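I have placed the structure first, in the form of structure tokens, so that the comments after it can refer back to it.
The values are calculated or read from the model by the stated rules, or taken from the named source; none is laboratory data. All values derive from a computational prediction rather than experimental measurement. Every residue, glycine among them, receives a Cβ derived from its backbone with ideal geometry; neighbour counts consider all protein chains shown. Remember, those area values only see protein heavy atoms, side chains included, never the ligands or the DNA or RNA. Shrake-Rupley method; radii C 1.70, N 1.55, O 1.52, S 1.80 Å.
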Amino acid sequence: MKGEAVITGIQEPIAHITEDGRTQSLADHLTRTADLASTFAATFDSDAWGYCAGIFHDLGKAHPDFQKYLLEARGLDASEYEEQSAGTHPNHSGAGAVFAYEKWHNIIGKAFAYVIAGHHAGLPDWFGGQGSLTYRIENEAGIAEAVRLYAEPFIEKLPRQLKPPAFAIQCWNQEAVAFHLWLRMIFSCLVDADFLDTERFMDPDKYAQRPNFPSLADLKGGFDGKMRQMTAEAPDTPVNRVRVNVLSACRAAGEQPSGIFSLTVPTGGGKTLSGTAFALAHATHPAHPKNRIIYVIPYTSIIEQTADVLRKFFGPDNVVEHHSNIAPERERELPQLTLAAENWDAPIIVTTSVQFFESFYAAHPGRCRKLHNVVNSVVILDEAQLLPPELLHPCVEVINRLTSDYNVTVRLSTATQPALPNLHIRPAEIVPDTAALYQQLKRTSISFPGDIQLPCDWVSLAAELAAHDQVLCIVNTRPDCHALWKEMPAGTIHLSALMCGAHRSDIINTIKERLPEGQQCRVISTQLVEAGVDIDFPVVYRALAGLDSINQAAGRCNREGKQLC
């Protein structure tokens, strides 16, 4: 294979050496990485930028000291580099940054320098000591000079002039949000391409485990068939008729052009599956095809339930969860999905709000690697009302740039639609008459307990709760949850976010089994069940909180409309 040989004598500079002595030439790694990064960046009209970044990124590896280090690390003869070596281990990523800043000594060169210098250690600051970009360009110039003869033929073939896409240099409110996000996208393309080509050569068995996923168009037929079956088997009730209407509205809205949509449906109105039908209809429409659907969810408890539902419709091999509560057992059972979580190369992604939004402001390669795969996708912000108010501004800026610059459709999904300030596009409501929908799905009444003085003591509240065979009580804090649970009769279920994900999921499944069977089921919980958890109690108690929290808690009561209000 080109660029791979057993080392004998003086060699073309090497990028990688495997344990069994196979080598990848530096030229091979640079061009492969450049081609792959260019393909990734082409999705947002920046293919030349991806290619240039790939060529520059590892030029410093041609340095004699680095070549000597590579050979000696594998116990191989490095005597050919003895005379040229200074006995150091140079930082190989700085040389390309120096060359880029020389070639385009302006914002173009500076942009490349950030990306190239940071492709291992992370995006640096311009000023700020030894890790800053200014310091590295100045102090690693000697490394660049030592590899200049090797680097020049590559650099001469690169374009003399480059411009960022027009959208990248637009400023809103004097903030260069568009530019920093675009730069992170280029960074993402380079990092992912570098990782993938290195893995391909160094660990071909691992690389072979990376799955070839079906497209969303391939998955849509199976989803639609299961939805038809589920709808046909569902009893003809007022709640189910509303759900059918919501589903029809979602599918119709999927034909609209890319943009921002809102799905404002009361709890129990079928948002998860109907919203997925919208995303599939939209993503597979020939006028605005998309590559993947990304569910962004605030709580891991909601993620676990949502992912379980999606696996039933798309198959367990096509849904990638990316959050901190993934059980090690699941990673061992499905290693291909763990690999796909590294760069979100899958048709269905389920992740947390923290993972999603923080990645767009991150500097570390591992966090940014997946960003280019957000391009040309449908992003579902589930329970959007739970975005932290103090972080709304940076979150909204990400939404604005994704929809305007990266062909992303965003759908805000909630029963209590939040006010998101400074959105550049007004969300299009998928269900036109939301007021009528709320009236049709009114299944609960809210009142204060008449026999308990507020604020109440746990003993009195526990006595009232114990009078119900099936009851849910949601409190505001974990200590309150434990204190009230201790006063309850034996057999009462305690549910808290302090539990590990697997334990919590087991308890929620137990609750779901007991409720329809009419078995005794008393539950004391924190707010983790307040949104997105599909349980149906005849009676729900909620500690005093904001109206949005009370409304969400009401969604766990009489969910199927079987009780009289």
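Values as computed for the structure displayed
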read-out	value
Selection status of THR276, surrounded by 18 or more Cβ atoms within 10 Å (Cβ to Cβ) and modelled with pLDDT of 95 or more	yes
Failed condition for TYR150, given (1) in contact with a helix residue (DSSP H, G or I) (Cβ under 6 Å, 6 or more places away or on another chain); (2) part of a loop (DSSP other than H, G, I, E, B); (3) in contact (Cβ under 8 Å) with a residue 24 or more places away in the chain	(2)
Only listed residue being closer than 25 Å to GLN305 by Cβ, open to solvent by 30 Å² or more (accessible area, probe 1.4 Å), free of Cβ contacts under 8 Å to residues at least 40 places away in the same chain and not in a loop (DSSP other than H, G, I, E, B), chosen from ASP480, ASP506	ASP506
Inter-residue pairs, beta-carbon under 8 Å, first under 15 Å from HIS494 (Cβ atoms) and open to solvent by 40 Å² or more (accessible area, probe 1.4 Å) and in segment 523-548, second of a type outside the set (A, V, I, L, M) and assigned to a helix (DSSP H, G or I), 6+ apart	GLN527/SER549
Any hit, segment 461-479, residues being in contact with a helix residue (DSSP H, G or I) (Cβ under 9 Å, 6 or more places away or on another chain), more than 22 Å from GLU530 (Cα to Cα) and modelled with pLDDT of 85 or more	yes
Leading residue by the ranking (nearest to PRO64 (Cα to Cα)) among those in segment 134-147 that are assigned to a helix (DSSP H, G or I) and in contact with a helix residue (DSSP H, G or I) (Cβ under 6 Å, 6 or more places away or on another chain)	ILE143
Of all residues in segment 402-431 being surrounded by fewer than 19 Cβ atoms within 10 Å (Cβ to Cβ) and within 30 Å of PRO538 (Cα to Cα), the one that is modelled with the lowest pLDDT	GLN417
Residues (within 23 Å of the chain's Cα centre (by Cα) and open to solvent by less than 10 Å² (accessible area, probe 1.4 Å)) located in segment 263-273	LEU263
Residue in segment 162-179 that is surrounded by the most Cβ atoms within 10 Å (Cβ to Cβ), counting only those that are modelled with pLDDT of 90 or more and closer than 17 Å to GLY109 by Cβ	ALA168
Subset of segment 54-84 that is of a type in the set (A, V, I, L, M) and over 18 Å from VAL147 (Cβ atoms) - its residue that is modelled with the highest pLDDT	ALA73
Answer residue from segment 433-442, given it is in a loop (DSSP other than H, G, I, E, B) and open to solvent by 30 Å² or more (accessible area, probe 1.4 Å) and is farthest from VAL539 (Cα to Cα) among those	ASP433
Residues being of a type in the set (S, T, N, Q), over 27 Å from the mean Cα position of the chain (by Cα) and open to solvent by 20 Å² or more (accessible area, probe 1.4 Å) - total across segment 549-565	2
Residue pairs meeting the criteria (Cβ under 7 Å; at least 6 apart or on separate chains; first free of Cβ contacts under 8 Å to residues at least 24 places away in the same chain, in segment 61-73; second assigned to a helix (DSSP H, G or I))	LYS68/TYR81
For THR33: the one exception among (1) β-branched (Val, Ile, Thr); (2) in contact with a Gly (Cβ under 6 Å, 6 or more places away or on another chain); (3) open to solvent by 20 Å² or more (accessible area, probe 1.4 Å)	(3)
Any helices (runs of 4 or more DSSP H) falling wholly within segment 289-401 and containing at least 2 residues that are touching a residue at least 24 places away in the same chain (Cβ under 8 Å) and open to solvent by 10 Å² or more (accessible area, probe 1.4 Å)	300-314, 335-343, 353-359
Matching entry among GLU464, GLU513 (being under 25 Å from THR267 (Cβ atoms) and either assigned to a strand (DSSP E or B) or open to solvent by 70 Å² or more (accessible area, probe 1.4 Å) (or both))	GLU513
1 or more residues without any contact (Cβ under 8 Å) to a residue 60 or more places away in the chain, open to solvent by 10 Å² or more (accessible area, probe 1.4 Å) and within 30 Å of ALA117 (Cβ to Cβ): qualifying helices (runs of 4 or more DSSP H) within segment 181-259	204-209
Enumeration of residues in segment 484-503 that are among the small types (Gly, Ala, Ser) and surrounded by 15 or more Cβ atoms within 10 Å (Cβ to Cβ)	SER496, ALA497, GLY501
Residue within segment 82-101 that is within 30 Å of the chain's Cα centre (by Cα), at negative phi and among the hydroxyl-bearing types (Ser, Thr, Tyr) present	yes
